[in-house]
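What follows is a single structure, written as structure tokens, with notes after it.
FYI, it's all coordinate maths here, none of it is from the lab. Predicted model, so just to flag it, every value in this text is computed and none were measured. All Cβ positions, glycine included, derive from the backbone under ideal geometry; neighbour counts span all protein chains shown.
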Amino acid sequence: MICSIEGKLTRKMPMEVVVETCGVGYMLHVPLSTSGVLPEEGSNVHLFTSLILRDENLELYGFATEREHKIFQEMILLPGVGPKLALRILSRLTPDEILNAVISQDVEFLRKTPGIGKKTAERLVVELKDRIEGMEPVEKEVKGDFISEAVEALTVLGYKRNDAMQIVRKTAKEIQKKPETLELFLKEILKRV
């Protein structure tokens with residue numbers, strides 16, 4: 001089992017990267033959230049990985065954080081949720097958004113992801129609930145309840161959802177004081193774009 005990889009990022013595309021280590025280049029499928037936070041080509045990177053055998057092919061999946069990796073591993077254990085769909089979900093939703101949807105049993109929120117029908121969303125809510133016990137959403141604890149609202153506000157302003165998520169997450173990490181209102185949080189975000 002290959003559980004992580006560290007090396008030089010030699011190629012970076014939206015959902016695929018190549019990491020070279022010890023003279024071997026490994027192609028990894030990654031969610032948009034991971035490729036969005038990776039440095040420029042030629043930089044050193046460390047990714048958490050899952051190696052999956054599919055149709056007699058070995059496929060390597062990479063993640064920037066352990067939380068993404070853990071949620072991916074739990075999702076692919078569910079019937080009807082393969083690695084491609086799990087990657088699509090993690091490209092559209094942050095780990096905290098997934099955790100919040102599962103905890104609050106928000107099936108409709110999960111259905112916003114292309115490829116997730118009502119039955120799959122219900123299965124995610126029901127079957128992930130026990131598997132994610134002990135994993136608490138981090139963003140809400142750290143920065144208040146404004147993460148998803150700020151992402152929605154940026155999409156209304158014309159930003160693509162994944163770009164909006166990256167901007168909001170980056171701002172949430174950079175600001176020292178927890179924002180008291182959504183308006184103050186949005187002002188901090190707009191200063192940085």
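Could you pull out the pairs from Lys119/Lys170; Lys8/Lys177; Lys118/Lys177; Lys119/Lys173; Lys84/Lys170 whose alpha carbons sit more than 28 Å apart here? Result: Lys119/Lys170; Lys8/Lys177; Lys118/Lys177; Lys119/Lys173 exceed 28 Å. Summarised in one figure, the compactness ratio Rg/Rh of region 4-63, Cα atoms and Kirkwood Rh, is 0.95. By DSSP, the beta bridges lying fully in the chain are antiparallel in about 90 percent of cases. Model label sites at Met1 and Leu184, defined 7 Å from Cα along the beta-carbon direction, differ in position by 4.4 nm. Could you tell me which of Leu53, Gly23, Gly42 has its Cα farthest along the dipole of region 4-63 towards the positive end, charges placed at Cβ (Lys, Arg +1; Asp, Glu -1), taken about the Cα centre? Toward the positive end, the furthest listed residue is Gly42.
In loop segments of region 39-106 as defined by DSSP, the GluC sites (Glu not before Pro) with at most 13 further C-beta atoms inside 10 Å of their C-beta are Glu40, Glu41, Glu56. Radius of gyration (Cα atoms) of the chain, expressed as a multiple of 2.2 N^0.38 Å: 1.05. Amide H contacts of Val30: Glu16, Val17, Gly62, each under 5 Å away and 5 or more positions distant or on a separate chain (H built 1.01 Å from N in the peptide plane; Pro and chain starts excluded). 3J(HN,Hα) couplings calculated from phi for region 15-23 with the Karplus curve 6.51 cos²θ - 1.76 cosθ + 1.60 (θ = phi - 60°) are, in sequence order, 10, 9, 9, 10, 10, 9, 9, 6, x Hz; Gly and Pro show x. Once both labels are positioned 7 Å from their Cα atoms along Cα-to-Cβ, the gap between Gln176 and Glu16 label points is 4.5 nm.
Calculated mean residue ellipticity at 222 nm for the chain: -14000 deg cm²/dmol, from DSSP H runs with n ≥ 4 weighted as -39500 (n - 2.57), summed, divided by the residue count and rounded to 500.
Here the chain is treated with +1 on each Lys and Arg Cβ and -1 on each Asp and Glu Cβ, and its dipole about the Cα centre works out to around 400 debye.
Tell me, what is the FRET efficiency for Lys191 and Glu40 to the nearest 0.05, using R0 = 30 angstrom and their Cβ-Cβ distance as r? Result of the calculation: an efficiency of 0.80.
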